[in-house]
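Q: Quick one: this structure, given as structure tokens, is what I'll be asking you about.
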Amino acid sequence: MEDKMDCDVVVVGAGLAGLTAARDLLAAGQRVIVLEARDRVAGRNLGGHLKNGVAVEMGGQWIAEGHTEVLGLVGELGLKTFASYDDGVPITLFRGQVTRATDLSQLGLTPTAAPEVDRMAGLLAELAETVSLSAPWLTEEAATLDATTFAEWVRSNTTEPEAVAHWQALVRGVFAAEPAELSLLHFLFYVKSNTSLEVLISTTGGAQEQRVVGGTHQISERLAEGLGDVVRLGRRVTRIVQTDNGVHVHADGAEVTARRVIVTVPPALAGRIDYEPALPAQRDALTQQMPMGSVIKTQIAYPKPFWREAGLNGLASNFDDGGLSVTLDNSPHDGSCGVIVGFFEGAEARAVADLTPEQRKDLAIESLVTFFGPEAADPIDYVEQDWMAEEFTRGCYGGRLGAGAWTSFGEALAKPVGRIHWAGAESAEVWNGYMEGAVRSGRRAAAEVLAALG
């Protein structure tokens with residue numbers, strides 16, 4: 001039997017976008033119900049623990065100085081942040097050779113590749129400034145930029161092998177995808193949305209600057225505690241019916257009648273819901289054109305962060321195929337042990353997805369030995385999270401648009417369809433793809449609904 005419920009606004013998804021939207025709506029006097037498919041809140045934030053009890057984040061974790069909305073929630077909810085470790089220098093792996101950067105201003109690129117990468121970064125920065133964040137499809141030269149894959153742009157701008165490998169590694173690290181799998185316009189939009197390319201890839205002063213003591217999932221958990229029984233877990237939404245008077249939202253074991261609905265799940269998942277009447281062709285096509293990234297996140301623990309003694313900051317970028325794509329120091333704030341977070345990303349994540357966790361552990365440790373030496377061969381723990389296997393996520397870090405998709409379907413990304421409104425990190429103009437973007441999108445959608453309800 002279905003529970004019959006009635007409210008003013010239904011919110012689909014109990015991640016940061018959904019919870020902040022619900023919070024704003026409740027504060028404005030609306031009756032709200034949040035339907036979440038999982039048996040937990042927090043969406044792409046997920047807490048975990050090592051065998052020694054140390055908390056590790058198995059989903060999104062980093063906060064930048066510019067993430068003002070998230071930092072506001074952290075303070076309001078009684079949480080604490082700490083600086084990500086960034087003393088020392090990074091390393092790169094290219095053609096089997098590990099190169100140590102001489103300072104933090106470069107990533108260990110050779111004298112031949114470094115100026116080429118700098119030149120190309122300058123070109124990308126200039127192009128990114130031309131992009132409209134509110135309407136990327138209206139950007140000057142949008143048709144040309146969108147028809148070009150990022151891989152094509154790289155090939156047309158350099159033949160230097162290490163520079164090409166650098167951009168491949170960067171795309172894997174930022175999008176969990178391959179350069180051929182996103183358009184140049186999407187790359188440029190993402191860069192501008194997140195301030196700059198330098199911010200995207202930096203720790204100090206960048207998007208990886210801060211972490212939350214105990215894990216970022218606590219933000220959603222504390223938001224949900226404040227919402228009480230508004231949040232209903234284990235309620236997978238399967239159908240949304242619009243009428244002249246409202247919406248009927250069908251979920252596992254529940255039917256909710258409301259005046260409006262906000263769908264906060266990624267477009268790839270939103271497209272799996274049955275809509276009556278059917279979604280407009282442009283919106284439906286968008287959901288088919290925005291796949292999630294491919295990533296398996298690993299946490300490898302050691303008795304101490306031994307790499308620091310060698311003057312390394314834990315950042316390793318793999319310019320070769322195979323193994324972990326990128327690593328960072330993810331040790332706890334109290335220094336009780338050393339932790340390296342490493343990612344299988346893009347094509348490599350898909351290649352290892354069918355292996356056993358033990359086999360992936362062996363590959364991860366092999367990568368760390370290559371990066372940091374024989375001391376990495378004996379970890380005290382290994383945990384992983386395959387986001388591609390998550391039924392209600394189907395990948396991370398977010399959705400991406402391939403060649404031609406922004407100009408053909410992008411206008412439908414955040415545009416309401418009748419009584420249906422859209423939120424989520426993919427729909428944010430600023431800090432797209434990050435927790436900050438999710439929060440901002442939830443508040444934007446709540447404001448839309450309040451304006452429509454009058």
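The values are calculated or read from the model by the stated rules, or taken from the named source; none is laboratory data. As the structure is a prediction and not an experimental result, all values here were calculated from the model. FYI the Cβ positions are ideal-geometry reconstructions off the backbone, even for glycines, and counts take in every protein chain you see. SASA here: full protein model, heavy atoms, side chains in, ligands and nucleic acids out. Shrake-Rupley method; radii C 1.70, N 1.55, O 1.52, S 1.80 Å.
Q: Scan Val34, Val74, Val41, Val10 and give me the residue that is assigned to a strand (DSSP E or B), β-branched (Val, Ile, Thr) and closer than 16 Å to Glu221 by Cα.
A: Matching residue, one of Val34, Val74, Val41, Val10: Val34.
Q: Restricting attention to segment 396-451, report how many residues are among the aliphatic types (A, V, I, L, M) and either under 14 Å from Asn194 (Cβ atoms) or in contact with a His (Cβ under 8 Å, 6 or more places away or on another chain) (or both).
A: Final tally of qualifying residues: 9.
Q: If you don't mind, there's one more thing I want to ask. Does Thr20 satisfy the condition of being in contact (Cβ under 8 Å) with a residue 40 or more places away in the chain, polar (S, T, N, Q) and in a helix (DSSP H, G or I)?
A: So Thr20 passes the test.
Q: Which residues, taken from segment 270-329, are over 23 Å from Arg400 (Cβ atoms) and of a type in the set (Val, Ile, Thr)?
A: Of everything in segment 270-329, just one residue is over 23 Å from Arg400 (Cβ atoms) and of a type in the set (Val, Ile, Thr), namely Ile300.
Q: Let me ask something additional. Just to be sure before I move on: is Leu79 open to solvent by 10 Å² or more (accessible area, probe 1.4 Å) and either within 16 Å of Ile219 (Cα to Cα) or in a loop (DSSP other than H, G, I, E, B) (or both) in the structure I sent?
A: yes
Q: Give me the residue from segment 173-196 that is open to solvent by 10 Å² or more (accessible area, probe 1.4 Å) and over 25 Å from Glu65 (Cβ atoms) and, out of that set, farthest from the chain's Cα centre (by Cα).
A: Selected residue: Ala180.
Q: Counting only residues that are touching a strand residue (DSSP E or B) at 6+ places or on another chain (Cβ under 8 Å) and over 28 Å from His67 (Cβ atoms), which one in segment 1-21 is surrounded by the fewest Cβ atoms within 10 Å (Cβ to Cβ)?
A: Restricting to residues being touching a strand residue (DSSP E or B) at 6+ places or on another chain (Cβ under 8 Å) and over 28 Å from His67 (Cβ atoms), the top hit is Lys4.
Q: Let me ask something additional. Quick check on my filter: what residues within segment 284-313 are farther than 22 Å from Leu46 by Cα, touching a Pro at 6+ places or on another chain (Cβ under 7 Å) and in a strand (DSSP E or B)?
A: Asn313
Q: Oh, and also: Does Ala268 fit the bill of being open to solvent by 20 Å² or more (accessible area, probe 1.4 Å), in contact with a Gly (Cβ under 9 Å, 6 or more places away or on another chain) and among the aliphatic types (A, V, I, L, M)?
A: Taking the combined requirement at face value, the residue satisfies it.
Residue by residue, here is whether (1) open to solvent by 20 Å² or more (accessible area, probe 1.4 Å); (2) more than 24 Å from Gly226 (Cα to Cα) holds:
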site	(1), (2)
Arg23	yes, no
Leu35	no, no
Arg38	yes, no
Leu46	yes, no
Tyr85	yes, yes
Leu107	yes, yes
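Q: Only one residue in Ala425, Ala349, Ala377 is crowded, with 21+ Cβ neighbours inside 10 Å, hydrophobic (A, V, I, L, M, F, W, C) and touching a Leu at 6+ places or on another chain (Cβ under 9 Å). Which one?
A: Result of the check over Ala425, Ala349, Ala377: Ala425.
Q: Only one of (1) free of Cβ contacts under 8 Å to residues at least 60 places away in the same chain; (2) more than 25 Å from the chain's Cα centre (by Cα) fails for Ala143. Which number is that?
A: Unmet for Ala143, out of (1) free of Cβ contacts under 8 Å to residues at least 60 places away in the same chain; (2) more than 25 Å from the chain's Cα centre (by Cα): (1).
Q: Would you be able to say whether some residue in segment 56-70 is buried (at least 16 other Cβ atoms within 10 Å of the Cβ), touching a residue at least 12 places away in the same chain (Cβ under 8 Å) and part of a helix (DSSP H, G or I)?
A: Yes, that holds for at least one residue.
Q: Within the bounds of segment 136-153, is there any residue that is closer than 22 Å to Glu436 by Cβ and crowded, with 20+ Cβ neighbours inside 10 Å?
A: yes
Q: Can you find, within segment 151-198, the residue that is farthest from Glu116 (Cα to Cα) among those that are out of contact with any helix residue (DSSP H, G or I) (no Cβ under 9 Å at 6 or more places or on another chain) and touching a residue at least 40 places away in the same chain (Cβ under 8 Å)?
A: Thr195
A quick yes/no check of all residues on (1) part of a strand (DSSP E or B); (2) out of contact with any Pro (no Cβ under 9 Å at 6 or more places or on another chain); (3) farther than 23 Å from Ser220 by Cβ:
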{"site": "Arg239", "(1), (2), (3)": "yes, yes, yes"}
{"site": "Asn245", "(1), (2), (3)": "no, yes, yes"}
{"site": "Val249", "(1), (2), (3)": "yes, yes, no"}
{"site": "Thr257", "(1), (2), (3)": "yes, yes, yes"}
{"site": "Ala268", "(1), (2), (3)": "no, no, no"}
{"site": "Tyr275", "(1), (2), (3)": "yes, yes, yes"}
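Q: Of all residues in segment 205-229, count the ones that are open to solvent by 20 Å² or more (accessible area, probe 1.4 Å) and β-branched (Val, Ile, Thr).
A: Here the count works out to 1.
Q: Only one residue in Glu411, Glu429, Glu436 is part of a loop (DSSP other than H, G, I, E, B), within 24 Å of the chain's Cα centre (by Cα) and of a type in the set (D, E, K, R), so which one is that?
A: Going through Glu411, Glu429, Glu436 in turn, just one is part of a loop (DSSP other than H, G, I, E, B), within 24 Å of the chain's Cα centre (by Cα) and of a type in the set (D, E, K, R): Glu429.
Q: Now for a different question. With respect to the numbered conditions (1) open to solvent by less than 10 Å² (accessible area, probe 1.4 Å); (2) part of a helix (DSSP H, G or I); (3) under 26 Å from Ile91 (Cα atoms), which one is the sole condition not fulfilled by Ala128?
A: The failed condition is (3).
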